[in-house]
């Protein structure tokens, strides 16, 4: 099976293809004005004939950037009479109690575009007041006249009975075909009115822009002879068809970043690593995820733009912590002269100063070049020559001169500040989750990840570091490993072991039928589908729940000690205690359906014995590690020609076409039989390993 994965990041567009049993790759600058152009350039660089491909997988930051930049469609919201302000009121929590300047999240739909509809259901879905269909029709015509592009429909208790939303959807789609219509029950059938409304609005807000982009991409591919299937990465670590992505674009909010974490999970399983921390640093941001037994953590909820002021999205998402620190992050001084790095990024246009594309503000990449950690002649495999003098001038004039530091001191300061910001993300997925970093292994990738990973390990006391094969294109490679996946949920509240068997059976049957229908719609092999059932449980009186896997649906309405013990153990792991004697409530029923890829597997590439290229002459370069006045003579090695078993002790730098690994003094790097790099980190004295 021939397939290709393309990941569009804020700075670079990465491509990895599995073609006739061999891998091909390309890395090009992203074109912000027309992302599709970057995809085409990457395909041309990889000399890919689209007609010979069976599948095209794609990840993009288009959806999440639309929200963060607030550049989405002009959107309206239809909700139950009396409830239009739920979306703006949100929750009563105050994330930062001591911030006198704190402001609540600004809704994507202003109050004058939130309309109330005469209808009402009770919590069990029974009709209290029938829907006023004439009012819905009039509202639809009014919205079109006002230039509204998209409409979100979220009625009270529609998770229990979607009949009124279905009726409204039929009217709007028939009478106003120019509107992008999102019905909440089509996105998720789960309680929590505020979060469900926010998720529905997010889908409507990004829908028109993402739909146009995906149709443009589809046209480009088909015009060049592609006739295979197009799948889009989604936030839960799986993929979906392009047709489904145009309907449910909210599912691709973290489309690009999660793919790399899926790949890291495969590497962790291959190397027998129980607890790993996936770390991805690109040109714009850095991301971290906890991976246990090769599976990235999944959370049922996420805040786009951060917990304090972001927009909640109540869908399964790989638990990624993201910070605005990447290779293109800009170093700047505040009014008091303090030095900061990010979250603003130079992106791909103009990019860091050293790219020579007109950038004037110093970045992390410029600082690494000044420190000797990057090779100006080998960047992107030699396809882009970096301008050392421009980077040094920018660091000196914008940072060093103003605060009395030499160019090298200022560059080291920029890198250390970026490292500190990224360390917070790594701590958030380890220490805050009850995981001792000393018991974990970091798996680092992304174009800039291997440059900074060893420094992060030292700061957080992580003793082992793995750099997988092709780290600079690893997120694109992860797409080729991701299965087709859909998550289905249905709210059902009751006491564990005492639920009505008929209710449970009917609800799970409904979820399974929905999954089967989606499999058929996407033309997949139903025989290869894996159905995993689960339920969200909580102790009576609690607000939030924990998802627990089920061996069979009957476990919810029979006395099942295994489910209870699993929940107690998970509660103890997350919160540090369990209440074994308390009544346990069921909140939601869940079904996750996955379909793996058939044919040749990229797993074979990750696990294959590495065959090195012909040897290249070793070089020596002065690299600044800890003391800007005392650069060290570091061995400069070319990774493609390092054979399995090769070992090097730092200071050293291992370069490859699309990334660079910086090895600190005392750290020991070894090439595994599969071609991955395993580094033993020299931690400070007194740190137990």
The stretch 495-516, residues that are loosely packed, with under 14 Cβ neighbours inside 10 Å and free of Cβ contacts under 8 Å to residues at least 24 places away in the same chain: 502, 506, 509, 513
Conditions (1) within 29 Å of residue 184 (Cα to Cα); (2) touching a helix residue (DSSP H, G or I) at 6+ places or on another chain (Cβ under 6 Å); (3) in a loop (DSSP other than H, G, I, E, B): number failed by residue 225: (1)
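Any residue in the stretch 382-405 that is under 29 Å from the mean Cα position of the chain (by Cα) and surrounded by fewer than 21 Cβ atoms within 10 Å (Cβ to Cβ)? Break it down stepwise before answering.
We begin by selecting, within the stretch 382-405, every residue under 29 Å from the mean Cα position of the chain (by Cα); these are 383-384.
Narrowing further to those that are surrounded by fewer than 21 Cβ atoms within 10 Å (Cβ to Cβ): 383-384.
Checked the stretch 382-405: at least one residue is under 29 Å from the mean Cα position of the chain (by Cα) and surrounded by fewer than 21 Cβ atoms within 10 Å (Cβ to Cβ).
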Some residue of the stretch 113-130 being surrounded by 20 or more Cβ atoms within 10 Å (Cβ to Cβ) and over 27 Å from residue 67 (Cα atoms): yes
Among residues of the stretch 271-313, those that are farther than 30 Å from residue 588 by Cα and touching a residue at least 40 places away in the same chain (Cβ under 8 Å), counted: 10
Test: residue in the stretch 155-162 that is under 30 Å from the mean Cα position of the chain (by Cα), over 26 Å from residue 317 (Cα atoms) and at pLDDT 95 or above: no
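For residues that are assigned to a loop (DSSP other than H, G, I, E, B) and touching a helix residue (DSSP H, G or I) at 6+ places or on another chain (Cβ under 8 Å), scanning just the stretch 657-681, find the one that is farthest from residue 442 (Cα to Cα). Give the steps one after another, and end with the answer.
First pass over the stretch 657-681, keeping only residues assigned to a loop (DSSP other than H, G, I, E, B): 657-658, 664-667, 672-676, 681.
Those still in the list that are touching a helix residue (DSSP H, G or I) at 6+ places or on another chain (Cβ under 8 Å) too: 657-658, 664, 667, 672, 674, 676, 681.
Working: 657: 22, 658: 20, 664: 16, 667: 14, 672: 16, 674: 17, 676: 13, 681: 11 Å.
If we take residues in the stretch 657-681 being assigned to a loop (DSSP other than H, G, I, E, B) and touching a helix residue (DSSP H, G or I) at 6+ places or on another chain (Cβ under 8 Å), then 657 is farthest from residue 442 (Cα to Cα).
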Answer residue from the stretch 251-270, given it is in contact (Cβ under 8 Å) with a residue 40 or more places away in the chain and surrounded by fewer than 24 Cβ atoms within 10 Å (Cβ to Cβ) and is farthest from residue 54 (Cα to Cα) among those: 270
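Could you name every one of the helices (runs of 4 or more DSSP H) located completely within the stretch 399-512 that has at least 3 residues being farther than 17 Å from residue 364 by Cβ? Give the derivation first.
Working: elements: 407-428, 449-460, 474-479.
Once the helices (runs of 4 or more DSSP H) in the stretch 399-512 are filtered for at least 3 residues that are farther than 17 Å from residue 364 by Cβ, what remains is 449-460, 474-479.
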Residue that is surrounded by the most Cβ atoms within 10 Å (Cβ to Cβ) [pool: residues in the stretch 578-606 that are farther than 30 Å from residue 506 by Cα and modelled with pLDDT of 90 or more]: 578
Candidates 372, 381, filtered to the one that is at pLDDT below 90 and under 18 Å from residue 660 (Cβ atoms): 381
One residue from 611, 622, 618 being modelled with pLDDT of 95 or more and surrounded by fewer than 19 Cβ atoms within 10 Å (Cβ to Cβ): 622
Residue that is surrounded by the fewest Cβ atoms within 10 Å (Cβ to Cβ), among those in the stretch 288-323 that are on the phi < 0 side of the Ramachandran plot and in a loop (DSSP other than H, G, I, E, B): 307
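Among residues belonging to the stretch 517-538 that are within 15 Å of residue 596 (Cβ to Cβ), surrounded by 12 or more Cβ atoms within 10 Å (Cβ to Cβ) and out of contact with any helix residue (DSSP H, G or I) (no Cβ under 9 Å at 6 or more places or on another chain), point out the one that is modelled with the lowest pLDDT. Before you say what the answer is, go through the steps one by one.
Residues of the stretch 517-538 within 15 Å of residue 596 (Cβ to Cβ): 519, 522, 524-532.
Checking the rest, the ones that are also surrounded by 12 or more Cβ atoms within 10 Å (Cβ to Cβ) come to 519, 522, 524, 528-529, 531-532.
In the following step, the residues that additionally are out of contact with any helix residue (DSSP H, G or I) (no Cβ under 9 Å at 6 or more places or on another chain) were identified as 528, 532.
On the way: 528: 91, 532: 94.
Looking at residues that are within 15 Å of residue 596 (Cβ to Cβ), surrounded by 12 or more Cβ atoms within 10 Å (Cβ to Cβ) and out of contact with any helix residue (DSSP H, G or I) (no Cβ under 9 Å at 6 or more places or on another chain), I get 528.
Can you say whether residue 173 is farther than 23 Å from residue 317 by Cα and in contact with a strand residue (DSSP E or B) (Cβ under 8 Å, 6 or more places away or on another chain), as far as the supplied structure shows? Don't jump to the end; show me each part of the working.
Values: farther than 23 Å from residue 317 by Cα: yes; in contact with a strand residue (DSSP E or B) (Cβ under 8 Å, 6 or more places away or on another chain): yes.
Judged against the criteria, residue 173 is a match.
Look at residue 248 and say whether it is outside the structural domain of residue 518 (by TED's automatic domain parsing), in contact with a helix residue (DSSP H, G or I) (Cβ under 8 Å, 6 or more places away or on another chain), within 18 Å of residue 592 (Cα to Cα) and surrounded by fewer than 23 Cβ atoms within 10 Å (Cβ to Cβ).
Numbers: outside the structural domain of residue 518 (by TED's automatic domain parsing): yes; in contact with a helix residue (DSSP H, G or I) (Cβ under 8 Å, 6 or more places away or on another chain): yes; within 18 Å of residue 592 (Cα to Cα): yes; surrounded by fewer than 23 Cβ atoms within 10 Å (Cβ to Cβ): yes.
In short, yes.
Being assigned to a loop (DSSP other than H, G, I, E, B) and crowded, with 23+ Cβ neighbours inside 10 Å is the requirement here; does residue 283 meet it?
Values: assigned to a loop (DSSP other than H, G, I, E, B): yes; crowded, with 23+ Cβ neighbours inside 10 Å: yes.
Against the criterion (assigned to a loop (DSSP other than H, G, I, E, B) and crowded, with 23+ Cβ neighbours inside 10 Å), residue 283 qualifies.
The values are calculated or read from the model by the stated rules, or taken from the named source; none is laboratory data. Predicted, not measured: the structure shown is a model, and the values here were computed from it. With ideal geometry, Cβ positions are generated from the backbone for all residues, glycine too; neighbour counts draw on all protein chains shown.
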